[in-house]
Amino acid sequence: MRTLRDIVLLIASIVLAIVLARTGVLDAVLERTAHVRYLDAFVAGAFFTSLFTVAPATVALARLARGGEPFWEIVLIGALGAMVADALILTIIKDTLTEHILAAVRHSRSGRLKYFFRRGKTRLAGTLLGAIVIASPLPDEVGLFLMGLARAGRSVSLALTYALNAGGIAAIALAARAF
């Protein structure tokens, strides 16, 4: 029953993300929050984490960068929004997918599979691979899933997502101001 609920929640979140991206709701939200300092960068950063909302969030962040907002404020506040969204995604992924997979591994008859998931090098490699995915244009969900499988600590995962998303947002802001 819990798995069915998780699947329905995942599908609902995907549908919501598609609707937000295609209807222009994200742009409307950013326009309405422009008078509240930092809220626009925070919201754009939060939407910067998902495959379905990264394109409108990138446009919004570029617009903020060209609009005269201080560069470091956009980067730091946007990365904070991304980290909060990633924390929510990480909670959902860890509570559902990774726990089910790790439980299946624990009950597996394969000694090699159990050994693989217990090794410290595997944990480090999974965390680093997850960080590379988060730093890439691929969706953060995949990187967070890998970190969850690697059983990376929550504080390590969130610190990495903050730093990597800050780098991505800084690149967008620099490019927007250059062109």
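Before moving on, here are some points about what is shown:
- Region 129-177 versus region 37-63: alpha-carbon centroid distance in Å: 15 Å
- If R0 is 25 Å, the Cβ-Cβ spacing of ALA178 and LEU51 corresponds to a FRET efficiency of close to 0.45.
Any read-out appearing in this document is the output of simple, stated calculations on the displayed coordinates, not a laboratory observation. All of these numbers come straight from a predicted model, not from anything done at the bench. Here the Cβ is made from the backbone with ideal geometry for all residues, glycine too, and neighbour counts use every protein chain on show.
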